[in-house]
Amino acid sequence: MSLISSRASVLWFAWSILILLVGILPLHNFVGHAHWQYIRWVPTPDQLASPAILLDLGVDAVANVILFVPFGLLYTLRGDADKPFSPGLLMLMAFTLSFGIEYYQVYCHNRSTSLLDLLNNVLGAYIGMKLGAYYLRRTAVAVEPAS
């Protein structure tokens, strides 16, 4: 295992814990009964017509994407020549982590669950994966001896 791969493994695990904590804290919001009526499956026409709410949705979307970019990037960098990363597994893990957090938030006061959050989180992991794959390709080209 290379130095980059081993460091990426530790950082990926730490970042995964950070994502989990961002999604569930503060724990006193958990009330044990569901708030299904507050789930935002998709933005409503009223939300799309309001500049303030639209801006809030945009900021929330960007934040969710940015939160998961390191998740995908570090997971990708964990792979090495002997054991490359699995894109399908990464997407499944990002979906599962995000879904778990969103489901937990259904049972919390002061937290809102959104299908868009789930999609943006997976998109962030995908972007991170693509950045990591690009980095690995660039470093592999730089390391190959000229023939």
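The values are calculated or read from the model by the stated rules, or taken from the named source; none is laboratory data. The structure presented is a predicted model; accordingly, all values stated were derived computationally and were not measured. A quick note on method: Cβ atoms are made from the backbone with ideal geometry, for glycine too, and the neighbour counts reach across all protein chains shown.
Summary of computed values
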{"quantity": "Residue match in segment 9-20 (condition: of a type outside the set (Phe, Trp, Tyr), more than 30 Å from Thr139 (Cα to Cα) and modelled with pLDDT of 80 or more)", "calculated": "yes"}
{"quantity": "Which numbered condition Ala34 fails, given (1) small (Gly, Ala, Ser); (2) closer than 15 Å to Leu115 by Cα; (3) over 14 Å from the mean Cα position of the chain (by Cα)", "calculated": "(2)"}
{"quantity": "Residues being of a type in the set (Gly, Ala, Ser) and over 25 Å from Val69 (Cα atoms) - total across segment 10-37", "calculated": "2"}
{"quantity": "Helices (runs of 4 or more DSSP H) enclosed by segment 33-119 - at least 1 residues per element that are within 30 Å of Ser6 (Cβ to Cβ) and not β-branched (Val, Ile, Thr)", "calculated": "51-78, 87-106"}
{"quantity": "Count of residues meeting criterion [within 24 Å of Phe68 (Cα to Cα), at pLDDT below 80 and charged (D, E, K, R)] in segment 38-56", "calculated": "1"}
{"quantity": "Within segment 1-23, considering residues that are β-branched (Val, Ile, Thr) and surrounded by fewer than 16 Cβ atoms within 10 Å (Cβ to Cβ), the one farthest from Ala94 (Cα to Cα)", "calculated": "Ile4"}
{"quantity": "Condition check for Pro26: over 17 Å from Leu116 (Cβ atoms), crowded, with 16+ Cβ neighbours inside 10 Å and without any contact (Cβ under 8 Å) to a residue 60 or more places away in the chain", "calculated": "no"}
{"quantity": "Selected residue (only one of Leu25, Leu18 is aliphatic (A, V, I, L, M), under 19 Å from the mean Cα position of the chain (by Cα) and within 30 Å of Gly79 (Cβ to Cβ))", "calculated": "Leu18"}
{"quantity": "Failed item in (1) over 13 Å from the mean Cα position of the chain (by Cα); (2) over 30 Å from Gln37 (Cβ atoms); (3) aromatic (Phe, Trp, Tyr), with Tyr75 passing the rest", "calculated": "(1)"}
{"quantity": "Criterion (over 18 Å from Leu119 (Cβ atoms) and acidic (Asp, Glu)) met by exactly one of Asp60, Asp46, Asp56", "calculated": "Asp46"}
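Results for (1) closer than 30 Å to Ala140 by Cβ; (2) buried (at least 19 other Cβ atoms within 10 Å of the Cβ); (3) in contact (Cβ under 8 Å) with a residue 24 or more places away in the chain; (4) over 10 Å from the mean Cα position of the chain (by Cα), shown as yes or no for each residue.
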{"position": "Asp60", "(1), (2), (3), (4)": "no, no, yes, yes"}
{"position": "Pro70", "(1), (2), (3), (4)": "yes, yes, yes, no"}
{"position": "Pro84", "(1), (2), (3), (4)": "yes, no, no, yes"}
{"position": "Asn121", "(1), (2), (3), (4)": "yes, yes, yes, no"}
